[in-house]
Amino acid sequence: MENRYLANNEMNLLVSEQGKWFVYAIECNNGSVYIGQTKKILDRWKLHQKGKAAQWTKKHEPIRLFYYEIVDSFKEALDREKKLKKTSGRKYLKDLLKIDSQAGESAETLLERIKQDKGKFESRNKKWKKR
């Protein structure tokens, strides 16, 4: 299995290999993540953009395809899709989005976020020390 984070400018690299399946994740405009599987990922992405691929992406506009995995069979694609839809899989994908959104932060914004996060961490440490 090959998995990969997909940068915005890499859409043209997605070409189906014979007999391979894609498991993919789409970031939607409300901050949600749609997870699906297909043999023809570019065709499926175009359908999502038109609101014709899934009820979820019809209601929640897809922003970008940001993650995919290539597997050898339909069964493997279904298994991976189910795993990614579970809590730990969704958390992994959300963490990828969070990291990506922070990549373009200005130094000032980054420092402010670190200060806020540090305060949260310190208050958690105090709670642990009291126990």
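The values are calculated or read from the model by the stated rules, or taken from the named source; none is laboratory data. This one's a predicted model, so the numbers in the text were calculated from it and none came from an experiment. For neighbour counting, all protein chains shown are included, and Cβ atoms are generated from backbone atoms with ideal geometry for every residue, glycine included.
Among residues belonging to the range 20-52 that are among the β-branched types (Val, Ile, Thr) and within 14 Å of the chain's Cα centre (by Cα), point out the one that is farthest from Phe74 (Cα to Cα). Per the stated criteria, the residue is Val33.
Of all residues in the range 62-105, those being in contact (Cβ under 8 Å) with a residue 24 or more places away in the chain, charged (D, E, K, R) and surrounded by 13 or more Cβ atoms within 10 Å (Cβ to Cβ) number 9. Among the residues of the range 62-88, those identified as modelled with pLDDT under 95 and among the acidic types (Asp, Glu) are Glu69, Asp72. Looking across Lys52, Lys58, one residue alone is part of a loop (DSSP other than H, G, I, E, B) and basic (Lys, Arg). It is Lys52. If I filter the range 71-106 down to residues being within 15 Å of the chain's Cα centre (by Cα) and of a type in the set (Val, Ile, Thr), which single residue comes out as farthest from Glu27 (Cα to Cα)? The extreme case among them is Thr87. Looking only at residues in the range 51-60 that are surrounded by 13 or more Cβ atoms within 10 Å (Cβ to Cβ) and of a type outside the set (Lys, Arg), the one that is nearest to Ile26 (Cα to Cα) is Thr57.
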